[in-house]
Amino acid sequence: MESIVSLNNMMMMKPLTLKGLAGTNIASRKKSRMAVVVKAEAAGVGINPDIRKTEEKVVDSVVVSELSKPLTPYCRCWRSGTFPLCDGSHVKHNKATGDNVGPLLVKK
């Protein structure tokens, strides 16, 4: 079973807990799985506003030993003017949307 849940609905959901049934054999219980698909933006809009849109898929590779700094921040909000590096654009994005995204910090 697969469900599509908006971020607003996801924030309102209570955490799921699985409890065993008293007196039942664990091996005899059927396993139930549910996948939750979270859409970060409105349908059809996508999360990437304008970065390398001519490419089928935006993929970047990093060789950690070649980094010039001991700690390098990489963008995860897709708003950075220096993408794939973080320029702090997530701060404005978070204030505008109520999101909490921050950079990926890669340590050398």
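The values are calculated or read from the model by the stated rules, or taken from the named source; none is laboratory data. Here the structure is a predicted model, which is why all the values come from computation and not from measurement. Every residue, glycine among them, receives a Cβ derived from its backbone with ideal geometry; neighbour counts consider all protein chains shown.
Some notes on this structure:
- For the range 53-108, the set of residues classified as among the hydrophobic types (A, V, I, L, M, F, W, C) and in a loop (DSSP other than H, G, I, E, B) consists of 58, 59, 62, 63, 67, 75, 77, 78, 83, 86, 101, listed by residue number.
- Applying the set (1) at pLDDT 70 or above; (2) surrounded by 10 or more Cβ atoms within 10 Å (Cβ to Cβ); (3) within 30 Å of residue 108 (Cβ to Cβ) to residue 40 leaves exactly one unmet item: (1).
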